[in-house]
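All remarks here apply to the structure that follows.
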Amino acid sequence: GGGGEVEALRESLRRAEEERTQYIKALEARAVEMRDLESSLEGAVQAQSAAIQRATEEEEAARGLREELSRAKKEGETQIERLQQQVLSLSAAMQDGPGEGDAEAERLRAQVESLQEEAGLKEEQLAQLRVVLGEADADVKRLQAQS
């Protein structure tokens with residue numbers, strides 16, 4: 001009779017169903033893997049863009065500092081020039097001034113000395129500024145090379 005055929009059909013259906021279930025489980029596991037991979041990639045991308053952001057900020061800060069130092073250097077140079085002018089005009093005044101006695105000449109000489117001292121200090125500050133500026137330049141170049 002036909003009972004055996006129905007049984008065989010049922011058996012193959014059951015096997016097909018089992019295979020289908022296994023396949024679905026495998027697909028689900030794969031989907032989980034893909035999601036994990038995606039989120040770890042997202043994490044890596046975020047970390048990288050944060051690093052780029054940081055490097056950019058550092059570079060801008062270094063550039064800002066450099067500009068500030070440049071301004072200070074220019075200011076210092078201007079002050080030194082002014083002081084040197086004052087020294088020159090005072091020296092001239094001392095040489096061809098009407099002889100109002102030694103007191104006036106002494107006062108002028110003292111003024112010249114203090115101005116020269118101040119100019120010396122300013123030049124020292126400038127020399128230091130130049131060193132710092134060099135370092136700031138090097139920092140900017142290094143940061144640019146990194147990004």
Check your understanding: Is there a residue being over 35 Å from the mean Cα position of the chain (by Cα) and assigned to a helix (DSSP H, G or I) anywhere in the range 35-45?
Key -> yes
Exercise for review: Considering every residue within the range 59-81, establish whether at least one is assigned to a helix (DSSP H, G or I) and over 32 Å from the mean Cα position of the chain (by Cα).
Suggested key: yes
Point to revise | Candidate set from the range 92-112 (those that are of a type in the set (Gly, Ala, Ser), at pLDDT below 80 and in a helix (DSSP H, G or I)); member that is surrounded by the fewest Cβ atoms within 10 Å (Cβ to Cβ) | key: 103
Practice item. From the list 121, 88, pick out the single residue that is hydrophobic (A, V, I, L, M, F, W, C), under 21 Å from residue 72 (Cβ atoms) and modelled with pLDDT of 80 or more. Key: 121
**Study point:** Single condition residue 57 does not satisfy, out of (1) surrounded by fewer than 10 Cβ atoms within 10 Å (Cβ to Cβ); (2) under 30 Å from residue 147 (Cβ atoms); (3) charged (D, E, K, R)
**Key:** (1)
Practice item. Mind counting the residues in the range 60-84 that are of a type in the set (S, T, N, Q) and under 18 Å from residue 138 (Cα atoms)? Key: 1
Exercise for review: Taking the options 81, 135, 123, name whichever one is in contact (Cβ under 8 Å) with a residue 40 or more places away in the chain and under 30 Å from residue 62 (Cα atoms).
Suggested key: 123
Check your understanding: Does residue 32 satisfy the criteria of being surrounded by 15 or more Cβ atoms within 10 Å (Cβ to Cβ), β-branched (Val, Ile, Thr) and in a helix (DSSP H, G or I)?
Key -> no
Point to revise | Residue that is polar (S, T, N, Q) and either loosely packed, with under 13 Cβ neighbours inside 10 Å or on the phi > 0 side of the Ramachandran plot (or both), where the choices are 70, 89 | key: 89
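The values are calculated or read from the model by the stated rules, or taken from the named source; none is laboratory data. Please read all numbers here as calculations on a predicted model, not as lab measurements. When we count neighbours, we look across all protein chains shown, and the Cβ atoms used for this are built from the backbone with ideal geometry, even at glycine.
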